[in-house]
Amino acid sequence: MSILVTGGLGYIGSHTIIELINQNEEVVCIDNLSNSKITMLDQIEKITGKRITFYQVDCLDKDALENVFKKHDDIDTIIHFAGSKAVGESVVKPLLYYENNLMSTINLLNLMIKYHVNNFVFSSSATVYGNPERVPLFETDKIGGTTNPYGTTKLIIEGILQDVYKVHKELNIAILRYFNPIGAHESGLIGEAPNGIPNNLMPYITQVAIGIREKLSVFGDDYPTPDGTGVRDYIHVVDLAKGHVAAISKLRTNSGLVIYNLGTGKGTSVLELVHAFEEANGVKIPYVIAPRRAGDIAECYANCDKAKKELNWVATHSIVDACRDSWRFQQYFTKMESEK
Ligand code: WQD
């Protein structure tokens, strides 16, 4: 059997493909390369020794997408990472986000039903909880109140999956709500390399550390949190990848539709992460306190008991591991860029 991974050359997708290969799974990868590079295939091969099957396909291109299903009739599972994911960009380009994220998923679901592919893993996000009334967050907590089109696409897609499952009980669907992915593979050969100015905290920190950025702006220190800065649940990307492997095993037991938080269960503030990075790597991260960022919430972290109980999965990497791994990748990536 094969696993079709959409958006497989991206940050989380590439780390997940490595864990699938480690489990001797056959992988078929599609990616439109809008936010990733074809050279990721080389990096995956350097790490695993395997050259995966790859097609440059956009999930909005129904015919090209269907050709992949026709060529690979042994696909039994789809992991759907492909989608636009920048919160700020989604605010200024809502139609791009609604068309891309919703239509790519609808195209995949139609083809799954047509070709009797029954297992579907969806890359959702803690952002579907909106501004939570309490933390930690449980899967049974209310969802909604998303504050940007990116988050709203995730919310709408979760609703689509619930509705499709009501009439297609043959499907097994895992909705995985990611918290804040950070870190990189221990080899340092792959990691998070956003185009342009990073939106997310860790890539901004690593770019300050390497000298690409002068200093970090800490968006607000007046939140109702221990040190006043925003608190998030930072999960190592390799733990997140392993969570996908565990979810696929669950789906293959004909689980039906299941929902899991993938986090560490711990909250870490912006300044705690900055200080952990400085201590882990022996580098200084200059920062200034800046105004709050529109749409940000004070605190968000997971309760992960359900994934532990039902998937036998827990995050094992520490914040220090993630700081070291992110820094190793940033140094490798910057060296590669300078040698081009
Ligand atoms: C984390 C904390 C900021 C940058 C979003 C999406 C989520 C997922 C991850 C896609 C906050 C603070 C950040 C900076 C800062 N999306 N910060 N200075 O907003 O929690 O989550 O990205 O994969 O679905 O909602 O992540 O890393 O942007 O921010 O002070 O330069 O760091 O205020 O408290 P966020 P983030």
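A compact table of results
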{"read-out": "Filter result (in a loop (DSSP other than H, G, I, E, B) and among the small types (G, A, S)) within segment 292-335", "value": "A294, G295, A298, A315, S318"}
{"read-out": "Condition check for G7: in contact with a helix residue (DSSP H, G or I) (Cβ under 9 Å, 6 or more places away or on another chain) and in contact (Cβ under 8 Å) with a residue 12 or more places away in the chain", "value": "yes"}
{"read-out": "Selection status of E170, at pLDDT 95 or above and within 18 Å of the chain's Cα centre (by Cα)", "value": "no"}
{"read-out": "Residues of segment 136-149 classified as out of contact with any Gly (no Cβ under 7 Å at 6 or more places or on another chain), touching a residue at least 24 places away in the same chain (Cβ under 8 Å) and open to solvent by 30 Å² or more (accessible area, probe 1.4 Å), total", "value": "1"}
{"read-out": "Filter result for D74 (more than 16 Å from the ligand (Cβ to nearest atom) and under 12 Å from L4 (Cβ atoms))", "value": "yes"}
{"read-out": "Matching residues, segment 115-130, being more than 16 Å from the ligand (Cβ to nearest atom) and open to solvent by 20 Å² or more (accessible area, probe 1.4 Å)", "value": "Y115, H116, N118"}
{"read-out": "Segment 304-340 - residue that is open to solvent by 50 Å² or more (accessible area, probe 1.4 Å) and of a type in the set (V, I, T) and, of those, nearest to P136 (Cα to Cα)", "value": "V314"}
{"read-out": "Residue that is farthest from P226 (Cα to Cα) [pool: residues in segment 261-291 that are free of Cβ contacts under 8 Å to residues at least 12 places away in the same chain and either under 25 Å from the mean Cα position of the chain (by Cα) or not in a loop (DSSP other than H, G, I, E, B) (or both)]", "value": "E278"}
{"read-out": "Index of the failed condition, A294 passing every other in (1) in contact with a strand residue (DSSP E or B) (Cβ under 7 Å, 6 or more places away or on another chain); (2) closer than 22 Å to V87 by Cβ; (3) open to solvent by 50 Å² or more (accessible area, probe 1.4 Å)", "value": "(1)"}
{"read-out": "Scan of segment 150-186 for residues that are more than 13 Å from the ligand (Cβ to nearest atom), open to solvent by 10 Å² or more (accessible area, probe 1.4 Å) and within 30 Å of H317 (Cα to Cα), ordered by number", "value": "H185, E186"}
{"read-out": "Residues of segment 1-16 satisfying the condition of being of a type in the set (S, T, Y) and assigned to a loop (DSSP other than H, G, I, E, B)", "value": "none"}
{"read-out": "Hey, K70 among the charged types (D, E, K, R) and within 22 Å of L111 (Cα to Cα) or not", "value": "yes"}
{"read-out": "Test: T253 is at pLDDT 95 or above, within 16 Å of the ligand (Cβ to nearest atom) and among the polar types (S, T, N, Q)", "value": "no"}
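The values are calculated or read from the model by the stated rules, or taken from the named source; none is laboratory data. Given the structure is predicted, the values throughout are model-derived calculations rather than measurements. Here the Cβ is made from the backbone with ideal geometry for all residues, glycine too, and neighbour counts use every protein chain on show. With ligands, DNA and RNA removed, areas are computed over all heavy atoms of the protein, side chains included. Shrake-Rupley method; radii C 1.70, N 1.55, O 1.52, S 1.80 Å.
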